[in-house]
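The values are calculated or read from the model by the stated rules, or taken from the named source; none is laboratory data. Predicted, not measured: the structure shown is a model, and the values here were computed from it. No Cβ is skipped: glycine too gets one built from the backbone with ideal geometry, and neighbour counts run over all protein chains shown.
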Amino acid sequence: MIIAIDGPAGSGKSTVARMLAKRLGFKYLDTGAMYRALTWKAMQEGVNLKEELALCQLMDQTTIEFRGKDEGLNVLVDGVNVTKKIRLPSVTNNVHFISDTPGVRHRMVKLQRKFASEGNTVAEGRDMGTVVFPDAEKKFFLDAEIEERARRRYGEFKPKDKEVSYADVIKDMEIRDKRDTTRNNSPLMKSSDAIYMNTTKLTIEEVLNLILKEIEFAVKK
């Protein structure tokens with residue numbers, strides 16, 4: 001079984017997807033981490049982030065793996081644990097070059113489908129329900145008001161980087177939203193058969209319970 005969860009940054013999809021996978025005993029697929037992993041390696045190798053051929057060649061020579069599960073899930077690139085490194089601001093600011101590259105996305109989709117073919121999976125990202133898993137048994141699109149999404153993201157940054165302001169976070173989020181929804185290749189959008197959830201005024205547990213009810217209803221049918 002595949003459960004696809006899409007949505008913009010700060011909508012809660014990563015946390016919900018991880019908790020849902022744990023609750024159901026499914027594998028958790030963080031597709032955003034895969035793009036971040038390749039971005040990190042490209043930066044390490046000094047590869048031109050605007051050169052599609054070079055990025056595709058790098059992708060063909062790179063092994064991206066997930067090890068562990070739930071909160072202990074680690075991302076490895078060619079056997080090296082890069083879980084923390086791929087969350088650095090320098091990677092975040094450059095990952096759009098990778099995710100906007102058609103050839104790279106094509107290769108990533110093949111990897112993501114292979115991962116899901118090996119067992120029940122909760123997959124989260126930007127194009128899970130529309131492109132990667134169009135036949136997923138259940139699809140959800142999580143969203144929230146941008147002010148709330150920025151508040152959540154700011155809460156994550158505040159303890160680590162006191163130089164980051166709420167204004168910076170919301171501005172960055174507006175840029176990312178526009179970039180994700182207007183890109184030519186696999187833009188962020190709700191699939192016609194996905195269940196839309198506005199999480200602005202909901203706790204993570206409330207969102208999780210709503211999703212679980214939908215899944216249980218589908219199983220009973």
request  = Looking only at segment 147-189, count how many residues are farther than 25 Å from residue 214 by Cβ and in a helix (DSSP H, G or I).
outcome  = 23
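Please indicate, with yes or no, whether at least one residue in segment 36-55 is under 19 Å from residue 123 (Cα atoms) and aliphatic (A, V, I, L, M). It would help to see each step written out before you state the result.
Looking only at segment 36-55, we keep the residues that are under 19 Å from residue 123 (Cα atoms), and these are 36-38.
Retained after the next criterion (residues that are aliphatic (A, V, I, L, M)): 37-38.
Checked against the condition, which is being under 19 Å from residue 123 (Cα atoms) and aliphatic (A, V, I, L, M), segment 36-55 yields at least one hit.
Restricting to segment 157-183, name every residue that is among the aliphatic types (A, V, I, L, M) and either touching a residue at least 12 places away in the same chain (Cβ under 8 Å) or closer than 13 Å to residue 146 by Cα (or both). Before the answer, list the steps.
Filtering segment 157-183 down to residues among the aliphatic types (A, V, I, L, M) leaves 164, 167, 169-170, 173, 175.
Selection gives 167, 169, 170, 173, 175.
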Single residue of 216, 156, 205 found to be among the acidic types (Asp, Glu), modelled with pLDDT under 95 and farther than 26 Å from residue 88 by Cα = 216
request  = Of the numbered conditions (1) surrounded by fewer than 19 Cβ atoms within 10 Å (Cβ to Cβ); (2) in contact (Cβ under 8 Å) with a residue 12 or more places away in the chain; (3) in contact with a helix residue (DSSP H, G or I) (Cβ under 7 Å, 6 or more places away or on another chain), residue 186 fails exactly one; give the number of that condition.
outcome  = (1)
key: Tally of residues being within 14 Å of residue 129 (Cβ to Cβ) and either assigned to a loop (DSSP other than H, G, I, E, B) or touching a Gly at 6+ places or on another chain (Cβ under 8 Å) (or both) across segment 12-28   = 1
inquiry  = Being part of a strand (DSSP E or B), of a type in the set (Gly, Ala, Ser) and touching a helix residue (DSSP H, G or I) at 6+ places or on another chain (Cβ under 8 Å) is true for just one of 9, 4. Which residue is that?
reply    = 4
message = Regarding segment 103-119, can at least one residue be identified that is surrounded by 13 or more Cβ atoms within 10 Å (Cβ to Cβ), touching a helix residue (DSSP H, G or I) at 6+ places or on another chain (Cβ under 6 Å), without any contact (Cβ under 8 Å) to a residue 40 or more places away in the chain and within 26 Å of residue 19 (Cα to Cα)?
response = yes
task = Could you check residue 87 against (1) within 26 Å of residue 172 (Cβ to Cβ); (2) at pLDDT below 95; (3) touching an Asp or Glu at 6+ places or on another chain (Cβ under 9 Å) and say which number it fails?
result = (3)
note = Per the filter on segment 53-86, residues more than 14 Å from residue 108 (Cα to Cα) and either hydroxyl-bearing (Ser, Thr, Tyr) or part of a helix (DSSP H, G or I) (or both) are 53, 54, 70, 71, 72, 83, 85, 86
